[in-house]
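Asker: Here it is, the structure in full.
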Amino acid sequence: QVQLVESGGGLVQSGGSLRLSCAASGLTFRLYTMSWYRQAPGKERELVANIATSGGRTNYADSVKGRFTISRDNAKNTAYLQMNSLKAEDTAVYYCNARGQVFGLRDYWGNGTLVTVSS
C-alpha cells in the first residue's frame, strides 16, 4: 500500500548537479518527517538530510552542508534533494525515508536511486 519511489539519480561529473525526487503514496504525507540517506559501496548507510513535516526545519550531514538542499511539497506528496558541487565521495545509492511523527505510525523506505559522480 505505502510506496516511496526515488528518481533522478544518474551519472554526473564532479562539480555537477542532480535533483533527486521521492514520490510518496499510501500515507498521509504531512504527518511524516522526510529524510534522505545514502549508502556507498562497502560502507554503512548514513543520514544525509531531513526535513520536518511542515518543511520549516531542516538538518544536514556536515559532509553535504552548503552543497545539498532538502525540500518537500506536501501538496504533491514529494520530497526532493538538490545536490550541487558533487564530489566523487557523494557516489552512493540514495534512499528516501518517511518517519511518522504521530503515535502508531511506522517508518517507510524507498528502494533507492544510484548517484555516480565521476572524478
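Asker: Need the failing condition index for R45 against (1) under 19 Å from V117 (Cβ atoms); (2) modelled with pLDDT under 95, just the number.
Answerer: For R45, the failing item is (2).
Asker: Next question, about the same structure. Just to be sure I understand the filter: pairs with C-beta atoms under 8 Å, separated by 6 or more residues or on different chains, first member in region 94-119 and without any contact (Cβ under 8 Å) to a residue 12 or more places away in the chain and in a strand (DSSP E or B), second member surrounded by 11 or more Cβ atoms within 10 Å (Cβ to Cβ) and not polar (S, T, N, Q). Which pairs pass?
Answerer: Close Cβ pairs satisfying both conditions: D107/A98; D107/R99; D107/G100.
Asker: When region 1-12 is examined, which residues are found to be open to solvent by 70 Å² or more (accessible area, probe 1.4 Å) and either more than 13 Å from A79 (Cβ to Cβ) or part of a loop (DSSP other than H, G, I, E, B) (or both)?
Answerer: Q1, Q3, L11
Asker: Name the single residue that is farthest from S17 (Cα to Cα) among those in region 81-119 being surrounded by fewer than 12 Cβ atoms within 10 Å (Cβ to Cβ) and among the hydroxyl-bearing types (S, T, Y).
Answerer: Of everything passing the filter in region 81-119, S119 is farthest from S17 (Cα to Cα).
Asker: Further question on the same structure: Are any of the residues in region 91-99 under 20 Å from T116 (Cβ atoms) and polar (S, T, N, Q)?
Answerer: yes
The values are calculated or read from the model by the stated rules, or taken from the named source; none is laboratory data. Values in this document were obtained by computation on a predicted structure and should not be read as measured data. With ideal geometry, Cβ positions are generated from the backbone for all residues, glycine too; neighbour counts draw on all protein chains shown. Remember, those area values only see protein heavy atoms, side chains included, never the ligands or the DNA or RNA. Shrake-Rupley method; radii C 1.70, N 1.55, O 1.52, S 1.80 Å.
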